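To start, the structure under review is shown below, and the notes come after it.
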Amino acid sequence: MPNRFENPAIYLQSGDPEKENTPNLHAPGLLGSRFTVIQPTGRGTPATQGRAKRYQLVKTDSTMTTGPYPGAVAYWVDKSQYLVTTANTNLSAIAGKFSNLVDKGNYTCVQFGGPGYVKLLDADVASAAVGDYVIGSGTVGKATRAAAGGTYPVTQVMGRVGVPLTKSASEALVMVDLDIPETL
């Protein structure tokens, strides 16, 4: 367990938190570390502002039935061991979302803050609207939405559908402003 959760610098073997997939950690004491990556400001008209993304270094459960994939919801198996899964046994134990394909039992980073694509149930993608709540669903690895202005969801909220509305219907991905509470 790290002494400091927010490290000034973190070593990732892939060099990118959205590509990390390694069977061994370079420094095991970094497991559980949280860090921030600032996206560069984009060029174009108008220029897009850089956004902060928050990540946590975790280990994936080697016994899960469905392996992590881009946009899949990550749930805590054991917070004290920083162990996550795609299994939705506890909809109020969301750790973040995966950004890449990860081998079961490997180490990776889950994103828990900032803009990120989340895999929704196929039926929810077409009806997703700016401001909708995004929550875990009954389908392994996928999230669902709860309409903004309706009843506040009973389960843990991952975030809200972002502005501007950005989605990929063919991949069932929607851009979400993630705001998942940090673990201790």
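The values are calculated or read from the model by the stated rules, or taken from the named source; none is laboratory data. Keep in mind that this is a model prediction, so the values were computed, not measured. Please note: Cβ atoms are built from the backbone with ideal geometry, for glycine as well, and neighbour counts cover all protein chains shown.
For residue 59, the stated conditions hold: it is within 12 Å of residue 107 (Cα to Cα), basic (Lys, Arg) and not in a loop (DSSP other than H, G, I, E, B). Look at residue 121 and say whether it is in contact (Cβ under 8 Å) with a residue 40 or more places away in the chain, more than 28 Å from residue 31 (Cα to Cα), surrounded by fewer than 18 Cβ atoms within 10 Å (Cβ to Cβ) and over 14 Å from the mean Cα position of the chain (by Cα). Yes, satisfied. Note on the range 142-151: residues that are without any contact (Cβ under 8 Å) to a residue 40 or more places away in the chain, assigned to a loop (DSSP other than H, G, I, E, B) and surrounded by 15 or more Cβ atoms within 10 Å (Cβ to Cβ) amount to 0. Just so you know, in the range 13-61 the residues that are among the β-branched types (Val, Ile, Thr) and within 21 Å of residue 182 (Cβ to Cβ) include one that is modelled with the lowest pLDDT, and it is 38.
To keep it simple, each residue is scored yes or no on (1) surrounded by fewer than 21 Cβ atoms within 10 Å (Cβ to Cβ); (2) at pLDDT below 90; (3) under 18 Å from residue 74 (Cα atoms).
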| residue | (1), (2), (3) |
| --- | --- |
| 137 | yes, no, yes |
| 153 | yes, yes, no |
| 158 | no, no, yes |
| 163 | yes, yes, no |
| 169 | yes, yes, no |
| 174 | no, no, yes |
| 178 | no, no, yes |
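Screening residue 97 against (1) among the basic types (Lys, Arg); (2) in contact (Cβ under 8 Å) with a residue 60 or more places away in the chain; (3) surrounded by fewer than 17 Cβ atoms within 10 Å (Cβ to Cβ) leaves a single unmet condition, (3).
For the range 99-116, the condition holds for no residue, the condition being that it is modelled with pLDDT under 95, of a type in the set (A, V, I, L, M) and in a loop (DSSP other than H, G, I, E, B).
Evaluating residue 88 against the criteria (1) of a type in the set (S, T, N, Q); (2) assigned to a loop (DSSP other than H, G, I, E, B); (3) loosely packed, with under 15 Cβ neighbours inside 10 Å leaves one unmet condition, (3). In summary, residue 96 fulfils each of the numbered conditions (1) more than 17 Å from residue 19 (Cβ to Cβ); (2) out of contact with any Lys or Arg (no Cβ under 6 Å at 6 or more places or on another chain); (3) among the small types (Gly, Ala, Ser); (4) assigned to a strand (DSSP E or B) with the single exception of condition (1). The set of residues in the range 163-184 being assigned to a loop (DSSP other than H, G, I, E, B), farther than 20 Å from residue 122 by Cβ and out of contact with any helix residue (DSSP H, G or I) (no Cβ under 9 Å at 6 or more places or on another chain) consists of 163, 164, 180, 181, 182.
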